[in-house]
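K.L.:
I'd like to ask you about the structure that follows.
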Amino acid sequence: MGAIEGETRLTDPRIILKPGREKSIRQRHPWIFSGAIQEIVGSPGMGDTVDVFDRQGGWLARAGYSPYSQISARIWTWRESETVDEEFFVRAICRAAENRSALKTYTTGIRLVNAENDGLPGLIVDTYDGYLVIQLLSAGAEHWRKEILRAVSQLPNVKGVFERSDVEVRHKEGLPPALGVLLGQEPPQRIVMAEGDWKFLVDVRQGHKTGFYLDQRENRSALARWISQNLRGKEILNVFSYTGAFAVVAYTSGAGYVLNVDSSEAALSFLPEHYSLNGIRPAQDGFLAGNAFEVLRGFRDQGRAFDMIILDPPKLAQSQRGLTKATRAYKDINWLSMRLLRPNGYLASFSCSGLVDEDLFQKILFSASLDAGRDVQIIERLGQPMDHPVRLSFPEGKYLKGFICRIA
Ligand code: SAH
């Protein structure tokens, strides 16, 4: 109390920002870019907690230091009295998990911690039927590995904790990939999770992300509704199918035939088990391993037609520099798909590139419709479910968007 400004409060190690660069921090954006830093005092190590000050010595935040990344620090707290310690992680992780409790009656696959959007930069925690899968994606999260592990193990009904920190961003942080069981039971090769009346298979060792696309949960329900109301007995092309979650949804909603296209044979190999688990017995085989761009072009040349096409490509825009190329790629698959649709067909088109916002995506679809020569209406807008919240101070948290369109 009564400490003289700039005396006792100037703790080491600390980061001092360039004049003006404190603005985004005051607005609670959690990233401090290397270009915003005037000076680093003391010698913080990888992941160490540093206090962040403005040029005048005003305390701003407490952050985890990432010496090798363009994002030099990620903020843990904007409260000067809050210490970053095990208790901090217990509090934040429990709060995030509790915020999802309404989902528990519907599904056993939930994202419990969504990194920056839950105030925990670089930390992802997903649960699949009690098997937690965690990703430590920043130097700060890595630094607190033991404490985070203890905190997540206190969550209710945890069977085991598995790490999937084998992702590219770890490299940018100067961290080696890490994968394997951290605690408790080893997860089965294919975990079965429930979502409504569906059962989905999750391979947490080799699957994409932490094993499954939890972020498409609400969009699966939306598609189920459209298919059961409008597409009973009809033919659906599921492009970028991964393990066929949308195909399960389509068949159980009354679709007549679903053709899945994916470049990964490993992902397609889940289809038979996925179908039998959900009581689906397709009349004919429905998968094609290949490059979707070429497959769509081939179908156009053959004059193939479908009643609905689902397009859920991987993140095509990885960087601002690659945005033009990505825009072209999105347009390509969308105009080809519009071409392949029978009159009054449906296109469910997604983009998970954060750099392509909803406005731009809509413009891409417009441009695709002109090239396809088809009149297109948006009939439903889709986004992220509640366990993938977007913190308003962190617009980067919004990445998934989709449109269900009717193609005249
Ligand atoms: N719709 C899926 C998720 C799709 S993720 C679901 O709801 O579960 C994107 C998928 O695209 C991945 O399975 C990946 O293997 C596949 N993929 C990536 N590039 C591809 C390409 N050029 N052609 C076909 N599939 C591709």
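K.L.:
Find the accessible area per residue for the range 172-220; the probe is 1.4 Å, ligands and nucleic acids are left out, and the unit is Å².
P.N.:
Numbers: 2160 Å² over 49 residues.
That works out to 44 Å² for each residue.
K.L.:
Right, next: Quick one: with all protein chains in place, what share of the accessible area of the chain is carbon or sulfur, to the nearest percent (1.4 Å probe)? Spell out each step's value before the answer.
P.N.:
On the way: 8950 of 17930 Å².
It is 50 percent, rounded to a whole number.
K.L.:
Please list, in order, the residues from the range 345-363 whose amide nitrogen is less than 16 Å from a point placed 7 Å along the Cα→Cβ vector of residue 375.
P.N.:
Residues 345-346 fall inside that zone.
K.L.:
Cα axis of helix 86-99 to longest principal axis of the chain: angle in degrees, 0 to 90, nearest 10?
P.N.:
On a 0 to 90 degree scale, this one is about 30.
K.L.:
Which FRET efficiency value, to the nearest 0.05, is calculated for residue 146 and residue 46 with the Förster distance at 22 angstrom and r the Cβ-Cβ distance?
P.N.:
On the way: r = 15 Å, r/R0 = 0.68.
Efficiency at R0 = 22 Å is approximately 0.90.
K.L.:
Percent antiparallel among DSSP beta bridges with both residues in the chain, to the nearest 5? Mind dumping the intermediate values first?
P.N.:
Values: 52 of 76 bridges.
Taking every DSSP beta bridge within the chain, about 70 percent pair in antiparallel fashion.
K.L.:
Please list, in chain and number order, the residues 5+ apart from residue 287 or on another chain whose amide H is under 5 Å from its amide H, with Hs placed from the backbone.
P.N.:
Amide H to amide H, under 5 Å and 5 or more residues apart or across chains, residue 287 pairs with 260.
K.L.:
Would you mind working out the accessible area per residue for the range 14-77, using a 1.4 Å probe, and quoting it in Å²? Numbers along the way, then the final one.
P.N.:
Values: 2750 Å² over 64 residues.
Per residue, the range 14-77 has 43 Å² of solvent-accessible surface.
K.L.:
So for the pair residue 232, residue 38, with labels modelled 7 Å out along Cα→Cβ, what separation do we get in nm?
P.N.:
Computed distance between label sites residue 232 and residue 38 equals 7.0 nm.
K.L.:
Can you run phi through the Karplus equation (6.51, -1.76, 1.60; θ = phi - 60°) for the range 11-19 and list ³J(HN,Hα) in whole Hz, with x for Gly and Pro?
P.N.:
Karplus values, whole Hz, x for Gly and Pro: 7, 9, x, 9, 10, 10, 8, 5, x.
K.L.:
Further, regarding this structure: Using only Cα atoms, locate the centre of the range 244-319 and the centre of the range 161-218, then give the distance between them in Å, rounded to an integer.
P.N.:
Answer, in whole Å: 22.
K.L.:
Write down the radius of gyration of the range 11-128 and its Dmax, each obtained from C-alpha positions, in Å.
P.N.:
15.8, 51
K.L.:
Here's another thing I want to ask about it. Take the alpha-carbon centre of the range 340-408, take the same for the range 66-138, and report the distance between them in whole Å.
P.N.:
Value for the Cα centre distance between the two parts: 28 Å.
K.L.:
Based on DSSP H runs of at least 4 residues, each adding -39500 (n - 2.57), what is the mean residue ellipticity at 222 nm of the chain after dividing by all its residues, to the nearest 500 deg cm²/dmol? Please list the in-between numbers first.
P.N.:
Working: 12 runs with 114 residues, N = 408.
Calculated mean residue ellipticity at 222 nm is -8000 deg cm²/dmol.
K.L.:
Moving to a separate point now. Sequence-distant or interchain residues sharing an amide H contact under 5 Å with residue 76, placed H: which?
P.N.:
62, 63, 64
K.L.:
Which pairs, out of 315/398; 325/398; 363/401; 331/363; 18/398, put more than 18 Å between their alpha-carbon atoms? Numbers along the way, then the final one.
P.N.:
Numbers: 315/398 13 Å; 325/398 21 Å; 363/401 13 Å; 331/363 9 Å; 18/398 28 Å.
Those over the limit are 325/398; 18/398.
K.L.:
Tell me the Rg and the Dmax, in Å, that the Cα atoms of the chain produce.
P.N.:
Values for the chain (Cα only, Rg and Dmax): 23.3, 79 Å.
The values are calculated or read from the model by the stated rules, or taken from the named source; none is laboratory data. In this text, all values refer to a predicted model and were calculated from it rather than measured experimentally. When we count neighbours, we look across all protein chains shown, and the Cβ atoms used for this are built from the backbone with ideal geometry, even at glycine. Note: accessible area is taken over every heavy atom of the protein model, side chains too, but ligands, DNA and RNA are not part of it. Shrake-Rupley method; radii C 1.70, N 1.55, O 1.52, S 1.80 Å.
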